[in-house]
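All of the numbers you see were taken from the coordinates with simple rules; none came from a lab. Nothing here was measured: the structure is a model prediction, and the numbers come from that model. Positions of Cβ are backbone-derived with ideal geometry, glycine not excepted, and every protein chain shown enters the neighbour counts.
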Amino acid sequence: MVSAHSNEAQPYADLTPDRILSSLDDIGFACSGHILALNSYENRVYQLGTEDGGFVVAKFYRPGRWTDAGIEEEHRFVAELVEHELPIVAPIAVNGHTLHHGGGHRYAVYPRQGGRWPELGSAEDREMLGRFVGRIHAVGALGRFRNRQEISIERMGRGASQYLLIGDWLPAHLVESYQAIVERLLVAVTEAFERAEPFRPLRIHGDCHPGNVLWTDAGPHFVDLDDCVTGPAVQDLWLFLSGEREERTLQLQQLLRGYCRFFDFNYRELHLVEALRTLRMINYAAWLARRWEDPAFPKAFPWFAENRYWEEHVLALKEQAAALDEPVLEVA
């Protein structure tokens, strides 16, 4: 059984349609009353119609997740990318500010960006995507974050797993197995990071996967830098890889063909692909646990409350141990 423990109350209980509309009105957006909730769990995101027949997208940030300084640093990074003519959907500045406060919430307003889920079915598409990721990293290398998180084994691996264990989230019969496999994995992840040294952490998107890319006839548009962090460049590449080893190798070659036209890739970072996947798997379960008292989570992820989920999670972690033992992908 899933524990009821959580450090989150119901952060959006008072975010009513009237409050959403009044928040936009306070900063000069005359809305028509049309509100459509968009797919988002960490924050709350809405498409709103405006009286001139257009649309904007409003993001209301989860209370307590980021400091104002952290959010503003994300916005400055986005602005820096836009200045370098990268296709990033950036928040709209009102009187020089992109982060707004009202009704007990913090929020930002964005233009609506059309596009479709990227199929990445051709070498040309992957090479184009790689070019844009390379350009993002070329800008990311020009500065550093001071108020954002860093990808780390301690936070995403050890801290996340301890949160689950201390909070009694796992069924009793799986606790010992979970502890054992996590310890084994974290040793292997640490060794993978050591093999990858030296590498240079950068300002990166952090959650660069097909769901955060909108594809148009002109190419990709990157959205949602809410998870931008300091980390290795390969973090923004490996989530685009899928299929068997041979397929992933070819996909990576095509991505890097475009990437390396704009930024040098440190091939030692290929040691990190499965290590980063491992940390993401451990951290994802802890993320669900930390958010469980938000009513949107039990509704969207009902399987998290079932023993079967934890049995499959432990099994997946054991399978990931085998993946960590495989040779790294080799690209020419």
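When Ile71, Ile282, Ile92 are arranged by Cβ crowding within 10 Å, least crowded first, meaning fewest neighbours, the order is Ile92, Ile71, Ile282. Exposure proxy for Lys299, Lys59, Lys318: other Cβ atoms within 10 Å of each Cβ, ordered fewest to most, give Lys299, Lys318, Lys59.
Restricting the calculation to Cα atoms, segment 19-111 shows an Rg/Rh of 0.95 when the hydrodynamic-style radius is the Kirkwood one. Rounded to the nearest 0.05, what FRET efficiency is calculated for Glu176 and Gln113 with R0 set to 51 Å and r the Cβ-Cβ distance? In this case the efficiency is close to 0.60. Taking Cβ atoms as reference points and 11 Å as the exclusive limit, the residues near Leu214 contribute a net charge of +1, counting Lys and Arg as +1 and Asp and Glu as -1.
Take the Cα of Asp18, go 7 Å toward its beta carbon, and the backbone nitrogen atoms of segment 80-111 under 18 Å from that spot belong to 102-105. Assuming a ≥ b ≥ c are the square roots of the Cα gyration tensor eigenvalues, decide whether segment 112-228 counts as rounded (a/c under 1.5), prolate (otherwise, with a/b larger than b/c) or oblate. Here segment 112-228 falls in the prolate category. Placing a label point 7 Å from the Cα of Ser40 along the Cα-to-Cβ direction, the residues of segment 220-261 with a backbone N closer than 20 Å are 221-229. Each Lys or Arg adds one and each Asp or Glu takes one away; over the other residues whose Cβ falls under 14 Å from the Cβ of Ser177, this sums to -3.
What the Cβ-Cβ distance of Glu194 and Arg245 gives, at R0 = 25 Å and to the nearest 0.05, is a FRET efficiency of 0.60. Put the Cα centre of segment 101-145 next to the Cα centre of segment 185-235 and the gap is 12 Å. Put a dot 7 Å past the Cα of Asp68, heading toward its Cβ, do the same for Glu124, and the two dots end up 4.9 nm apart. When each full DSSP H helix of the chain is screened for a Cα extent of at least 24 Å along its own axis and an average Kyte-Doolittle hydropathy of at least -1.0, the helices passing are 123-140, 175-196, 273-290, 307-325. Computed from point charges on the beta carbon alone (+1 for Lys and Arg, -1 for Asp and Glu), the dipole magnitude for segment 123-325 about its Cα centre is near 640 Debye.
Exposure proxy ranking for Phe199, Phe145, based on other Cβ atoms within 10 angstrom of each Cβ and starting from the fewest, stands as Phe199, Phe145.
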